[in-house]
Every structure is written in C-alpha cells, then in structure tokens.
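These notes are about the structure you will find just below.
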Amino acid sequence: NKLLSRRAEAICVAYPDLERFFPAERIVMTGNPVRSGLTGCTLSPGEARDLFGLKADGPLLLVVGGSLGARTVNESVIKALPALIEAGVNVLWQTGRLYADECARVAADYPADRVKAMPFISQMAEAYRAATLVVARAGASTISELQLLGKSAILIPSPNVAEDHQTKNALALATRDAAVMIPDSEARDRLASEVIGLIGDSARLERLGRNTSAMALPDSDTKIVNTIQQILARHGKA
C-alpha cells in the first residue's frame, strides 16, 4: 500500500533498497545484531589456532558455509585444498551437517594440524580470531560479523535466495574494496588462486579488513530497541 508506506517508518539492519518503499528520512540504519560474545575473545591468533589443534604459525583460512553447509563452497574447498596446502595455507573448515562425512573423508588425507573439518563451529569468536582470511556465503548476519571484527573475506553469494540478495550484500562490500566477491558459478575454478593471492598480499589483506571494519554498525540491538521506543513515544504508544 503506497499510502501506508509513505507514512510508516523502517528500521534497516542491512543494505536492501528500502528507498523504493519508504522515504529516505524515515529509514534508520541500525546494522544487524550479532551473537553475543563474538568480540570477547582475548586469545592471540596462534593460541586460537592451537585451540582447534591447528598449526599456530602460518596463515589460516576459515571457511564458513552455514550450519547445513553449502555445496559449492565445500566442493570449491575440496578442489582448492592441494594448492592451499602446497602454498602453506592451513584450513579450518565448517562443512555443515549435510556434507560432514564427505568433507571429513577428504580432510583425513591431509595432516590433522593443517586441515580441520567440522560440521559446525560453536566457538566462532575463537575461529574468527584464528583466521587470516575468511571464505563465506554473503548472508546479512555473516557480513555483520565480518564488519564488526574487521575480517578480510572472500564472499561466495548463494544464488538460491530471494531476489539474489546475497549478491547485493556481497557487492556492498566488494564495490568498497572491503571484500572479494566470487560468483557461485566461478568458485570452484577461482577459489584457490584468490585465497593464495590474497594471503600473499599483506597490504591488500589489511586494506580489506580496514575497509570492512569502517562499514560496521556496532551496538545494533541497542539501536533497534531505542529506535522502536522513540517511534512509539512519538505516536503516543510508550
């Protein structure tokens, strides 16, 4: 309803094109709330890697494909592993439940302190701290976590989502030199070279992290609650 949308107010947690539906002056950008404790890790990267049984030295690639897993991401990692290991890159790999057995068999072919495949990583604060570079899908929550922690990332947007919103999420970072985006259809062929190239370019790796950190919107939960209270107060609902 166009009349309703002109009078309503929107709280925006990510980067959708809400100006199509709401006047710009009625949109409040809050950021997306992230899991509590994510920023509380006090371990060094080496200590965090040791926690997962991985080599404390050398770069570490964290792969996060979601709790169920992402087929393209997992297949891309499987294809990339020989080149990554040869290049000295260690891998902490959240495979997702659906692909856990297959990926565990692949990981078993490599030294246990170089590749660790897990169906799900519950200690995400430590996993992020351990990571030199992150490979992930481009959901809003993941991007908010990367921004809050200032982590350099390669994003592989899922093509199987409404209105291709993960590609839009990824582009919001990639066009600001805050992440590298690889289309899903190209991930299997490009992942190894992109990871090795980025990890070998410390200046670019640092720049990506710095730029994504500059996009962070911290304290999103507080902002959302405060904004709701302000709107209710203005309309006599407080």
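Determine which single condition SER122 fails, assuming it passes every other condition in (1) buried (at least 21 other Cβ atoms within 10 Å of the Cβ); (2) not in a helix (DSSP H, G or I).
Result: SER122 passes all but (1).
ALA48: under 29 Å from THR222 (Cβ atoms), at pLDDT 95 or above and surrounded by 15 or more Cβ atoms within 10 Å (Cβ to Cβ), yes or no?
Here the answer is yes, as ALA48 does meet what is asked.
Restricting to the stretch 118-158, count the residues that are among the polar types (S, T, N, Q) and in contact with a Phe, Trp or Tyr (Cβ under 9 Å, 6 or more places away or on another chain). Quick ask: steps written out before the conclusion?
The first filter runs over the stretch 118-158 and keeps only residues among the polar types (S, T, N, Q), leaving 122-123, 132, 141-142, 144, 147, 152, 158.
Going one step further and asking which of them are in contact with a Phe, Trp or Tyr (Cβ under 9 Å, 6 or more places away or on another chain), we end up with 123.
Residues in the stretch 118-158 being among the polar types (S, T, N, Q) and in contact with a Phe, Trp or Tyr (Cβ under 9 Å, 6 or more places away or on another chain): 1 in total.
Do we have any residue at all in the stretch 90-100 that's surrounded by fewer than 22 Cβ atoms within 10 Å (Cβ to Cβ) and either among the acidic types (Asp, Glu) or under 19 Å from LYS151 (Cβ atoms) (or both)?
Taking every residue of the stretch 90-100 in turn, none turns out to be surrounded by fewer than 22 Cβ atoms within 10 Å (Cβ to Cβ) and either among the acidic types (Asp, Glu) or under 19 Å from LYS151 (Cβ atoms) (or both).
Which residues, counting only those in the stretch 81-98, are part of a helix (DSSP H, G or I) and modelled with pLDDT of 95 or more?
Hits for the stretch 81-98 are LEU81, PRO82, ALA83, LEU84, ILE85, GLU86.
Return the residues of the stretch 165-211 that are open to solvent by 60 Å² or more (accessible area, probe 1.4 Å), modelled with pLDDT under 95 and either in contact with a strand residue (DSSP E or B) (Cβ under 9 Å, 6 or more places away or on another chain) or more than 17 Å from GLY139 (Cα to Cα) (or both); say none if nothing qualifies.
Answer for the stretch 165-211, where residues must be open to solvent by 60 Å² or more (accessible area, probe 1.4 Å), modelled with pLDDT under 95 and either in contact with a strand residue (DSSP E or B) (Cβ under 9 Å, 6 or more places away or on another chain) or more than 17 Å from GLY139 (Cα to Cα) (or both): there is none.
Mind listing whichever residues of the stretch 195-227 are under 15 Å from ILE154 (Cα atoms) and either in contact with a Lys or Arg (Cβ under 8 Å, 6 or more places away or on another chain) or charged (D, E, K, R) (or both)?
Matches in the stretch 195-227: LEU198, ASP201, ARG204, GLU206, ARG207, GLY209, ARG210, ASN211, THR212.
Do any helices (runs of 4 or more DSSP H) lying entirely in the stretch 132-238 carry at least 2 residues that are within 16 Å of the chain's Cα centre (by Cα) and within 22 Å of LEU38 (Cβ to Cβ), and which ones are they?
In the stretch 132-238, the matching helices (runs of 4 or more DSSP H) lie at 140-149, 165-174, 202-214.
Looking at (1) farther than 21 Å from GLU206 by Cβ; (2) open to solvent by 40 Å² or more (accessible area, probe 1.4 Å); (3) not in a loop (DSSP other than H, G, I, E, B), which is the one condition that is false for ARG129?
Only one criterion is unmet by ARG129, namely (1).
The values are calculated or read from the model by the stated rules, or taken from the named source; none is laboratory data. Note that the structure is predicted; figures quoted are calculated from it, not measured. We place every Cβ from the backbone using ideal geometry, glycine too, and count neighbours over all the protein chains shown. What goes into the accessible areas is simple: the full protein's heavy atoms, side chains included, and nothing from ligands, DNA or RNA. Shrake-Rupley method; radii C 1.70, N 1.55, O 1.52, S 1.80 Å.
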